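For reference, the structure is listed below as structure tokens.
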Amino acid sequence: MRQTSIDAYRSVDHKTIRELLLAILNDRPCGLTCDQLETLTRRSHQTVSASLHAIRKKGLIEDSGERRPTRSGRQAIVWVTTDDEYSRVF
């Protein structure tokens, strides 16, 4: 990994971004796509996608089974929070 990538990673508060995404998803029971979260938070795809991946690995969000079109017209996963009580206090 290049030093510029390492520096970029270290410059972002990943915990805060994950908390923000989870709070947004908690407020929207119908769920959101990564693309919708990017637009709402004005964050890059790489940042939102990586944060969603980390949240999913913890079992705090899941694929709703629904798909919605992105800004480019492609179908994307709609993410929703799980029933895990921990997700309310992440």
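The values are calculated or read from the model by the stated rules, or taken from the named source; none is laboratory data. Everything quoted here is computed from the prediction, not taken from an experiment. No Cβ is skipped: glycine too gets one built from the backbone with ideal geometry, and neighbour counts run over all protein chains shown.
Structural remarks
- Single match in Ala76, Ala50, Ala54 (criterion: touching a Lys or Arg at 6+ places or on another chain (Cβ under 8 Å) and either surrounded by fewer than 16 Cβ atoms within 10 Å (Cβ to Cβ) or not in a strand (DSSP E or B) (or both)): Ala54
- Complete set of residues in region 76-90 that are modelled with pLDDT of 95 or more and either within 13 Å of Gln36 (Cβ to Cβ) or of a type in the set (Phe, Trp, Tyr) (or both): Ala76, Ile77, Val78, Trp79, Val80
- One residue alone among Arg56, Arg43, Arg74 is farther than 22 Å from Thr16 by Cα and basic (Lys, Arg), and that residue is Arg74.
- Pairs linking a residue in region 24-36 that is in contact (Cβ under 8 Å) with a residue 60 or more places away in the chain to a residue that is exposed (fewer than 15 other Cβ atoms within 10 Å of the Cβ) and not in a loop (DSSP other than H, G, I, E, B), with Cβ atoms under 9 Å and 6 or more positions apart or on different chains, are Asn26/Arg88.
- Hits in region 1-47 (condition: at pLDDT below 90 and assigned to a helix (DSSP H, G or I)): Gln3, Thr4, Ser5, Ile6, Asp7, Ala8, Tyr9, Arg10, His14, Lys15, Thr16
- Selection count where residues are assigned to a loop (DSSP other than H, G, I, E, B) and buried (at least 17 other Cβ atoms within 10 Å of the Cβ), scope region 57-73: 1
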